[in-house]
Amino acid sequence: MRARILISWLLLATTGGVLAGDWPAFGNDPGGSQYSPLDQIDRRNAKKLRIAWEHRSGDLIEAPGLSGTNYEVTPIHVNGRLYYCTPLNKVIALDPATGEELWRFDGFAVSGDKQLIPGACRGVAYWSDAAEADATRGCQRRIFKGDMMGRLWALDADSGQPCADFGAGAGHIGFVDTARDFDNRGAGWWSLTSPPVVFEDFVITGSAMDDTLAAAQDGILRAFDVRTGALRWSFNPVPAELSDTVGGGNVWSTMSVDTSRGLLFVPTTSLSTDYFGGHRGAGSAYADAVVALDIRTGKPRWHRQLIRHDLFDYDLAGHPLLVTISKDGNSREVAIQAVKTGDIFVLDRETGEPVFPIEDQDAPASDIPGETSAPSQPRSVGIEPVTPQQLTDADMFGLTVFDRDWCRRSFAASRYDGLFTPPSTMGSIIQPSIRGGPNWGSVAYHPGENLLLVRAENLATRVQLFQPEDAGSETVSTDYFNRSLPLRGTPWWVRTKPFLSPLGLPCTAPPWGTLTAIDMETGQHRWQIPLGQARGFGVNVPDASAWGSPGVGGPLVTAGGVVFISSGMDANFRAFDLTDGRQLLKRSIPAPGMAVPMTFMVDDRQFIVIAAGGNALAGTKLSDAIVAFAIRQQ
């Protein structure tokens, strides 16, 4: 290992820190394509993959809902090491060939905080000083990591020690505090759950926040100096005149960078609250939008709002993929944004203009006093959606005639006027559900085949608004899908529940999880297959051949013509043939891999890695495992 690290240091000094075969960021390249040019593992030999090593972090809390751990991390491979973060605020560096632990950083221990409830950590970011070739000096290579307290940490990539110069101007050792050292113009909690973005000497971070509070904190993005932590710029998506009464518009998910144009692409969320917006006034054109910011100044270059006056929790949950597609015989540099409705929007990267047509379509009106829903919504009409967008009585599903009839009666007793049905006091069916459709990490692109790969789920949510004095208004928040919460600062409370039968199965017909390949020349599906095996609905349902599974995470696609993915409620890792969706591999892993896989090459051997820790919010089996697959050496 020491010899390998020494060779890596010598190479890194001349390559700016990234080698061929690395995976240096969440989506690999700055544009977040989730594609790798590695092809040692291909459609012919993928079936030979076996577990090469497994690392256990020890960060595991086997409890339901918010009390348990969720492993949503995609490790990065750079600097001769594999780096990842855990749900309990640790960063761990591994030998990528063996899984041997090289160092770990414990954010709770260093800060002296009492350990909090588990929190999502989807990844870390890497920076190296291209002007500094002295490998013996500390913090010339840095790992950046956000935490649930809103702190952005800078760690020495070689030792795991906090970089003392980062945050020193504010009296901190190794971190800047985005939650307490700045005025975020609102109330409620504030955390950093997704990896920051590094570009030149900037490190940029968004935030996750309390979206059930009307006057929540504003979703301010901030860029810091990678060495000192000094603030370089900030961008607030909330108009100044609304900042006292509304918040949100934040970027909790991953981001992408066009390095040639110096543009940061961010997917924003709704203004608070998620389900009632009568206090939002004129709102913000930067909410639920793709926003292209000048990465050196933080000034908007262009933006395009994809959901208007969001009452459905249809925040933009994944980064825009910055890729070059073939369209009408020409190469087009585009930003591809999947939204929870199942629509795929393709925008010109320079201007934000549609590459595939976008049309305004009428949307149902709200019947809630004080609420004015958007009369129309933008729809991507040039690309076939990846999930069903309409429900009828005939679509109701049940294992037996009894639970199917229950679903039909519940459907008839709810408000449903098609896509974008607003919340109501009788209870409204939101289809696709408040999770989507696609979500974070759901999309990858293969440039050679001009194919977009999209993981999606097919569930519905029942959303009901009610007054605090109504019966049953106790606060219940067990997981993301089952909640009864006050929308503080509004006259309303909200109850959200998955649209399930008494047997605990979805009332929407399977497949409940899919993987779709879209031809980006035509916008049509090349193929779509069920993905995963649903568990935790009260019964074990059939395997992927028919029904699929909900879940989170997404695909990795490689030059070998293989799509790697887990992302379901079952503890299996799969590989599919890019050309036709044929399953090439199915391997058992310690828990469901609700994350995005990654790949790298070390010692002339290609590895595929998945965080196989499960997800307490989804009620799956839990673990603390990072699993690496490779073809056995002879």
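The values are calculated or read from the model by the stated rules, or taken from the named source; none is laboratory data. The structure displayed is predicted, hence computed values, not measured ones. Don't worry about glycine lacking a Cβ; one is built from the backbone with ideal geometry, like all the others, and counts go over all protein chains shown.
Return yes or no: is Ala154 under 24 Å from the mean Cα position of the chain (by Cα) and either of a type in the set (A, V, I, L, M, F, W, C) or not in a loop (DSSP other than H, G, I, E, B) (or both)? Let's see the steps before the verdict.
Numbers: under 24 Å from the mean Cα position of the chain (by Cα): yes; either of a type in the set (A, V, I, L, M, F, W, C) or not in a loop (DSSP other than H, G, I, E, B) (or both): yes.
Judged against the criteria, Ala154 is a match.
Of the strands (runs of 3 or more DSSP E) lying entirely inside the stretch 76-137, those containing at least 3 residues that are under 22 Å from Ala616 (Cβ atoms) are 90-94. Contact annotation: residue pairs with Cβ atoms under 6 Å, 6 or more positions apart or on different chains, pairing a residue in the stretch 410-435 that is among the small types (Gly, Ala, Ser) with a partner that is crowded, with 22+ Cβ neighbours inside 10 Å and part of a loop (DSSP other than H, G, I, E, B), are Ser428/Thr421; Ser433/Leu459; Ser433/Ala460.
Here is a yes/no grid of residues against (1) at pLDDT 95 or above; (2) in contact with a helix residue (DSSP H, G or I) (Cβ under 8 Å, 6 or more places away or on another chain):
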| position | (1), (2) |
| --- | --- |
| Ser8 | no, no |
| Ala13 | no, no |
| Gly17 | no, no |
| Asp22 | yes, no |
| Asn45 | yes, no |
| Gly58 | yes, no |
| Asn79 | yes, yes |
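Can you find a residue in the stretch 31-52 that is surrounded by 22 or more Cβ atoms within 10 Å (Cβ to Cβ), β-branched (Val, Ile, Thr) and not in a strand (DSSP E or B)? Yes.
Considering Gly561, Gly614, Gly619, which residue is over 18 Å from Thr516 (Cα atoms) and touching an Asp or Glu at 6+ places or on another chain (Cβ under 8 Å)? Let's see the steps before the verdict.
On the way: Gly561 fails: over 18 Å from Thr516 (Cα atoms); Gly614 fails: touching an Asp or Glu at 6+ places or on another chain (Cβ under 8 Å).
Just one listed residue meets the conditions, Gly619.
For the stretch 355-391, taking the residues that are assigned to a loop (DSSP other than H, G, I, E, B) and of a type in the set (Val, Ile, Thr), the one that is surrounded by the fewest Cβ atoms within 10 Å (Cβ to Cβ) is identified as Thr372. Scanning the stretch 360-385 for residues that are closer than 22 Å to Leu311 by Cβ, touching a strand residue (DSSP E or B) at 6+ places or on another chain (Cβ under 7 Å) and touching a residue at least 24 places away in the same chain (Cβ under 8 Å) yields Ala363, Asp367, Ile368, Ser376, Gln377, Pro378, Arg379, Ser380. Taking residues in the stretch 224-240 that are in a strand (DSSP E or B), and partners anywhere that are of a type in the set (Gly, Ala, Ser), the pairs with Cβ atoms closer than 7 Å and at least 6 places apart or on different chains are Phe224/Ala230; Arg232/Ala223; Trp233/Ala223; Trp233/Gly298; Ser234/Gly298; Phe235/Gly298.
Filtering Thr516, Thr508, Thr522 for residues that are at pLDDT 95 or above and in a strand (DSSP E or B) leaves a single hit, Thr516.
The criterion of being touching a helix residue (DSSP H, G or I) at 6+ places or on another chain (Cβ under 8 Å) and either over 26 Å from Ile92 (Cβ atoms) or crowded, with 22+ Cβ neighbours inside 10 Å (or both) does not hold for Leu578.
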